[in-house]
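Colleague: Handing you a structure now.
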Amino acid sequence: MIKPNQFKFPTHTALTIALLLGSSPNAFSHTRLEVPTVAENLRISNNVVIGHGCGDGTNVIAHSVVFPDGVDSIVKVNGAPTTDTIDVYVTNYGNLYQKILNHSVFKDEDEKHDANGNTVGYYTRDGKSPDYYATYVPFRAGAMAIEPASCAKSVKVTLGIADICKITTKAGFAEGIVNLWTPAVGSEYDGPGLHGFNSPATLTVMRDLVNNPMDAAACGDGLDVEVIPSAAQMNRDMPIVNKKGTQIWPKP
Amino acid sequence: MKFSILKQVAMVVFGGLMMSQAGSVLADNQGGSFTTGLAAGVDFYQITCFDDGNGAPSYAEAQVKDMTANTSKVNILLYKGTACTTNKCAQSSLDTTDSDTGYSPLIKVTQGAGTYYLFVKHTASGTDSYDVSAHCKTSGNVHTGTSFISRQQQ
Amino acid sequence: MLQFQNAKIGVLILLMILSWAIMGIHTARADSMSSSETKLMFNSLESFQVNCFADDSDGQREPDLAFTEEIVKLAASNNPEQRISALSQLAEKSPIDAGVVQKVLQKAILDKDSNVRGQAVYAIAQQACADFPILLEQALNDSELSVRMMAVDSLGVDEKGVSLLEQALNDDEEAVRELAAMKLEAHKSH
């Protein structure tokens, strides 16, 4: 039987070639959400799908996720940054995401919280997601309510995700060490030059136009809103800090 | 020491740590405290009521337990909306006895689905801890989707 | 000199011991660095001996064993909220053996959680245990806000109490000054 890593050929190179040839080897070549679009006012179970390791048979040994906290997040409307805060478009933005406990791949995990106790992310560690596997990391996405008085027809939430194959300092971030699926917002986790650069996972919440209609005259086609973690939040919340308060990743 | 014994010890320790983190705060309960101690301290939460499959929310109800015995007593104000004719928009409740395990009287604001605002205050200076219990229910009094956001902690 | 049957395992074990030693040194250095950056914390109540045995004249109720067991269990919990719950219930006369109350309170003033210690201060004052005025005076000098708040909250408005309240008007924390001022104001207006 041929073993998956018998041929010493970097996984991400193989994927790139496959994509260039017009084939899509699997739906989760990048780390993405299993359910990327959901209706408003609906709470769902979802998964972050780790599509692969860091190449050359390296395993993902830890995983860090940040959700925009809505406090100093970047808000865009139809692609353009706005000075509006997210509560102009979402009635209940905040503490919408909760980790679902699962030790099937990673033995240790915990949520990350802001100063008010709201969940702003989570981490998993102490495990192995093989390079050639897709691993599901479950979380629950709460019911987001789009502000009725707004013209938002959709709200796209951008996540910051790191799939870590080796624990290094930030200076050690490189191909084969970590996959950064993070928005390029000027944080220390942007990962310029790495193959996942500015290719974050997103969750789009669609307005329920039947039960929460827009004012057709004022809104026209409506607005596509995005909420993205700020650089400050990424720098603060991406690290993995264990329950004893020790930073595990990146190495300080 | 054999590996199997180590594993058992690790499980007991880990289980103990998990239990110690659970505390007395349950689902749809929100614990907090007035860490500044100031009399004017206000903690502020948003509660979202939505249909989680159990039916459309009709109202939110809440009560608070003052978990610290001292002069200061904890109270809550729950509010939503401005159409305050048939159904009240705002209700408040005070836990007058803080050296017991009981909650304050239950209050109810009937303003349907959406976001309710909950303010937690105390009657005097003190580093009170509290536990707020809040639920969204249908018109048939069935528990439905309830989620908290903490907006301000004083 | 340790000898290992398998040289490779021996090398691995030695490497593990070395890495743990290095981690221990790093942690100790990190701890010492971080402790010098934080404020000095101390428990002002460490040396206090609680004495809450009731005298015969207070008509103590017959102890309720089930309630006593519940309080003892809560007081021994790993969860500080549960320990506070136990102490808050001791802040008034309860159907518990005085000896048990004393043990619980003595342990509580040494608790690592300052909110628990603070609640213990209040409970001791409410139980009117012996020497509680001395306890309150010590607690007013504690490093933790929650302990000093409970001390101020527990002070009476006799001559000594007023003197201590006036002392508390100079506390570093606004909340302590606020509570002391409120109590003095209430006393003056009566």
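Colleague: With the condition kept exactly as written, say whether any residue in region C:144-152 is touching a residue at least 60 places away in the same chain (Cβ under 8 Å), surrounded by 21 or more Cβ atoms within 10 Å (Cβ to Cβ) and not acidic (Asp, Glu).
Modeller: Within region C:144-152, one or more residues are touching a residue at least 60 places away in the same chain (Cβ under 8 Å), surrounded by 21 or more Cβ atoms within 10 Å (Cβ to Cβ) and not acidic (Asp, Glu).
Colleague: Same structure again: Of everything in region B:124-145, what is in contact with a Ser or Thr (Cβ under 9 Å, 6 or more places away or on another chain) and more than 10 Å from every other protein chain (Cβ to nearest Cβ)? Give them in sequence order. Break it down into steps so the answer makes sense when it comes.
Modeller: Here is the first cut: in region B:124-145, the residues in contact with a Ser or Thr (Cβ under 9 Å, 6 or more places away or on another chain) are B:124-131, B:134-141, B:144-145.
Within region B:124-145, B:Tyr130, B:Ala134, B:His135, B:Cys136, B:Lys137, B:Thr138, B:Ser139, B:Gly140, B:Asn141, B:Thr144 qualify.
Colleague: Return a yes/no flag: does region B:36-54 have any residue that is under 30 Å from A:Ala39 (Cβ atoms), surrounded by fewer than 16 Cβ atoms within 10 Å (Cβ to Cβ) and not polar (S, T, N, Q). Give the steps one after another, and end with the answer.
Modeller: Restricting attention to region B:36-54, the residues satisfying the condition of being under 30 Å from A:Ala39 (Cβ atoms) are B:44-54.
Filter once more, keeping what is surrounded by fewer than 16 Cβ atoms within 10 Å (Cβ to Cβ): B:53-54.
Filter again for not polar (S, T, N, Q), leaving B:53.
Yes: region B:36-54 contains one or more residues that are under 30 Å from A:Ala39 (Cβ atoms), surrounded by fewer than 16 Cβ atoms within 10 Å (Cβ to Cβ) and not polar (S, T, N, Q).
Colleague: Being within 12 Å of another protein chain (Cβ to nearest Cβ), of a type in the set (Val, Ile, Thr) and not in a strand (DSSP E or B), is that true of even one residue in region B:73-96?
Modeller: Checked region B:73-96: no residue is within 12 Å of another protein chain (Cβ to nearest Cβ), of a type in the set (Val, Ile, Thr) and not in a strand (DSSP E or B).
Colleague: Looking at region C:77-96, which of the residues that are of a type outside the set (Val, Ile, Thr) and either surrounded by fewer than 17 Cβ atoms within 10 Å (Cβ to Cβ) or in contact with a strand residue (DSSP E or B) (Cβ under 8 Å, 6 or more places away or on another chain) (or both) is farthest from B:Tyr130 (Cα to Cα)?
Modeller: So the first thing to find is which residues in region C:77-96 are of a type outside the set (Val, Ile, Thr), and the list is C:77-83, C:85-95.
With either surrounded by fewer than 17 Cβ atoms within 10 Å (Cβ to Cβ) or in contact with a strand residue (DSSP E or B) (Cβ under 8 Å, 6 or more places away or on another chain) (or both) added as a condition, the list becomes C:78, C:81, C:92-93, C:95.
Working: C:Asn78: 18, C:Glu81: 10, C:Glu92: 19, C:Lys93: 22, C:Pro95: 25 Å.
Step by step, filter region C:77-96, then rank; the result is C:Pro95.
Colleague: Would you check if there is a residue in region A:37-50 being modelled with pLDDT of 95 or more, away from chain B (no Cβ under 14 Å), surrounded by 12 or more Cβ atoms within 10 Å (Cβ to Cβ) and out of contact with any Ser or Thr (no Cβ under 8 Å at 6 or more places or on another chain)?
Modeller: Yes; the residues of region A:37-50 include at least one that is modelled with pLDDT of 95 or more, away from chain B (no Cβ under 14 Å), surrounded by 12 or more Cβ atoms within 10 Å (Cβ to Cβ) and out of contact with any Ser or Thr (no Cβ under 8 Å at 6 or more places or on another chain).
Colleague: From the set of residues in region B:95-132 that are crowded, with 18+ Cβ neighbours inside 10 Å and small (Gly, Ala, Ser), which is nearest to B:Leu38 (Cα to Cα)?
Modeller: B:Ser125
Colleague: Could you list, in sequence order, all residues of region B:41-68 that are within 9 Å of chain C (Cβ to nearest Cβ) and at pLDDT 95 or above? Give the derivation first.
Modeller: From region B:41-68, those within 9 Å of chain C (Cβ to nearest Cβ) are B:41, B:66-68; that's our starting set.
Selection gives B:Gly41 alone.
Colleague: Additional query: Could you say whether any residue in region C:68-79 is in a loop (DSSP other than H, G, I, E, B), of a type in the set (Lys, Arg) and over 16 Å from the mean Cα position of the chain (by Cα)? Talk me through it step by step, then tell me what you get.
Modeller: Applying the first criterion (in a loop (DSSP other than H, G, I, E, B)) to region C:68-79 yields C:76-79.
Remaining after also requiring of a type in the set (Lys, Arg): none.
The answer is no, given that none of the residues of region C:68-79 is in a loop (DSSP other than H, G, I, E, B), of a type in the set (Lys, Arg) and over 16 Å from the mean Cα position of the chain (by Cα).
Colleague: While we're on this one: Can you find, within region B:78-90, the residue that is farthest from the chain's Cα centre (by Cα) among those that are under 29 Å from C:Leu179 (Cβ atoms) and buried (at least 18 other Cβ atoms within 10 Å of the Cβ)?
Modeller: Looking only at region B:78-90, we keep the residues that are under 29 Å from C:Leu179 (Cβ atoms), and these are B:78-79, B:90.
With the extra rule that they be buried (at least 18 other Cβ atoms within 10 Å of the Cβ), the set shrinks to B:78-79.
Details: B:Leu78: 11, B:Tyr79: 14 Å.
Among those residues, the one meeting the criterion is B:Tyr79.
The values are calculated or read from the model by the stated rules, or taken from the named source; none is laboratory data. Predicted model, so just to flag it, every value in this text is computed and none were measured. In this analysis, Cβ positions are derived from the backbone assuming ideal geometry, glycine residues included, and neighbour counts consider all displayed protein chains.
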